[in-house]
Amino acid sequence: MNAIYPVNDYGPLMPGLVMAAVAIVHVFLAQFAVGGGILLCYFQWLAMTGRSVDARSFVHGYFKVLVLISFVLGALTGVGIWFTSIQVSAPTIGEMVFHFHWIWATEWTFFCLEVVAGYCFYRYHDQLSARTCLTLLVLYAFAAWMSLFWINGILSWQLTPGHWLTTHSIVDGFLNPGFWPSLFFRTIVCMTLAALIGCVVVNVIPDLSREQRQELINKAAHLMIPMLAMPVLGAWYLYSMPSDSRSWVLGGSPAMMLFFMISVGASLAIGGYALIGLWLQKLYINGATASLLLLLAFGATAGGEFVREGSRKPYTVRHVLYSNGIRPEEVAGLRFRGCVSDDPFPVIHEKQLPNEVVTIGAKVFRRQCAVCHTMEGSNAVVHLTGAWDADQMRMNIAKLQQTKPFMPPFAGTAGELESLVQYIQWVHAKRPGSWPGTIDESNLPKIQRWLDEAGTAPAGNSPHPQTTEAEISIAPSVALGSLKR
């Protein structure tokens, strides 16, 4: 069994939501930095070849904004992702670093090149020739895109590990089925974001006439033309997904389908406006319209990241690690050994809990539920179970992967499950000062029966080998023992 890592308590905000908020902002900024390098190279080339007399002034002004946003906020939110992720799902980060530490190291070398090239251009561009400036910008753009290249392989591996599951080859894991469609799709997103932010920046550059701004906006819009390939790449990426993950996106999960449609709708709106208005009709857009399009792009990014994360359920790394940090092969053992019997960490506000049974239930909640749920805040267990009576709660949790197919199976003893039920009911009852300090042992056999009927495999998979009669007979005693430790 892996070491137990407690999930940090963010009060009414579920930990996964906190991490997602930081991640979405970072992804948006990081993709802008990648696309920004490409756009800067394009405008520097336009200036050098005489195709745009105002392109050079745009490059200098635009890059100052790029540096401010991507190097400062992008770096801070990047650190924020690591900081929050290790508080929410340390086992997931451990898996990614363990299997791909050389990939991470390679990515960091390109990030260093990106910083050095970008700083040199920012600091010395007034003293360098146009060709040298272009060389620095090409180095910056190449390094930024290569950072995307390496990170994309690790992120897509989480959903589509492919042959890596049998070979454990770093090449099979990195060049997984979702790698190429995801890489191409993200590259186009990067270029689109850079073009949209470019349109905003053009409108704040002083001493430019309307005609000059329109010309620069129309040039920036050239980077949005590849959006025409987005439907094909999106379909390719959906096809690369496992069938159950694809089913969540296409209607199996209303929330995921909603965010998917938001992302698609916002992308279509941006692409249609860019193609018809900016590219074909060569319209001028003011700062307000450009900002609105950028806001739509942020919504599309948020929706797409929500779908990418949510479609992995019940896993955080498919077939390797469940979303609660428990490995699939550990579930059977935890059914008899207990998931919190060796948990050394105290529960927050433990003195407010009425007895050991409820305390054990709080630890089980933290171990198996707290990544995606709170008790009374967002995605609250109290609200989700509000209409269930005690026996229905016991059965639904025991058969969790059948109750909600995107949930992992319950990985604990019958006694721990009963303690979790008592904890939820105690919160339902507004946390009274007194609560029964023992569990009704008559409930344990039926809980065990429901656990055995559900099996230890996730929904849609063949069950693990059935437990022996001897194992079943000792399960209640093990469950009670875990309450006494």
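The values are calculated or read from the model by the stated rules, or taken from the named source; none is laboratory data. Please read these numbers as outputs of a predicted model, since none were measured by experiment. Backbone-built Cβ (ideal geometry, glycine too); neighbour counts: all protein chains shown.
Looking at the range 3-10, is at least one residue within 22 Å of the chain's Cα centre (by Cα) and crowded, with 20+ Cβ neighbours inside 10 Å?
Checked against the condition, which is being within 22 Å of the chain's Cα centre (by Cα) and crowded, with 20+ Cβ neighbours inside 10 Å, the range 3-10 yields at least one hit.
With the structure loaded, tell me whether Pro408 is crowded, with 22+ Cβ neighbours inside 10 Å and not charged (D, E, K, R) or whether it fails that test.
When the stated conditions are applied, Pro408 passes them.
For the range 13-69, what are the residues that are of a type in the set (A, V, I, L, M, F, W, C), touching a residue at least 12 places away in the same chain (Cβ under 8 Å) and in a loop (DSSP other than H, G, I, E, B)? Explain how you work it out, then say what you get.
Just the residues of the range 13-69 that are of a type in the set (A, V, I, L, M, F, W, C), to begin with: 13-14, 17-25, 27-30, 32-34, 38-41, 43, 45-48, 53, 55, 58-59, 63, 65-69.
Restricting the remaining residues to those that are touching a residue at least 12 places away in the same chain (Cβ under 8 Å) gives 13-14, 17-20, 22-25, 27-30, 32-34, 38-41, 43, 45-48, 55, 58-59, 63, 65-67, 69.
Matches in the range 13-69: Leu13, Met14.
Return the residues of the range 365-410 that are within 24 Å of the chain's Cα centre (by Cα) and among the aliphatic types (A, V, I, L, M); say none if nothing qualifies.
Ala370, Val371, Met375, Ala380, Val381, Leu384, Leu400, Met407
Per-residue answers, yes or no, for (1) surrounded by 19 or more Cβ atoms within 10 Å (Cβ to Cβ); (2) in contact with a helix residue (DSSP H, G or I) (Cβ under 8 Å, 6 or more places away or on another chain); (3) of a type in the set (A, V, I, L, M); (4) in contact (Cβ under 8 Å) with a residue 40 or more places away in the chain:
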{"residue": "Asn176", "(1), (2), (3), (4)": "yes, yes, no, no"}
{"residue": "Ser182", "(1), (2), (3), (4)": "yes, yes, no, yes"}
{"residue": "Ile188", "(1), (2), (3), (4)": "yes, yes, yes, yes"}
{"residue": "Ala194", "(1), (2), (3), (4)": "yes, yes, yes, yes"}
{"residue": "Gln212", "(1), (2), (3), (4)": "no, no, no, yes"}
{"residue": "Lys219", "(1), (2), (3), (4)": "yes, yes, no, yes"}
{"residue": "Met230", "(1), (2), (3), (4)": "yes, yes, yes, yes"}
{"residue": "Trp248", "(1), (2), (3), (4)": "yes, yes, no, yes"}
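Here are some residues: Val331, Val307, Val340. Which one is in contact (Cβ under 8 Å) with a residue 24 or more places away in the chain, in contact with a helix residue (DSSP H, G or I) (Cβ under 6 Å, 6 or more places away or on another chain) and not assigned by TED's automatic domain parsing to the domain that holds Arg186?
Every option except Val340 fails the conditions.
Return the only residue of Val88, Val22, Val97 being modelled with pLDDT of 90 or more and under 18 Å from Ala302 (Cα atoms).
Val22
Ala255 versus (1) out of contact with any Phe, Trp or Tyr (no Cβ under 6 Å at 6 or more places or on another chain); (2) in a helix (DSSP H, G or I); (3) touching a residue at least 40 places away in the same chain (Cβ under 8 Å); (4) surrounded by 13 or more Cβ atoms within 10 Å (Cβ to Cβ): which is the lone unmet condition?
(4)
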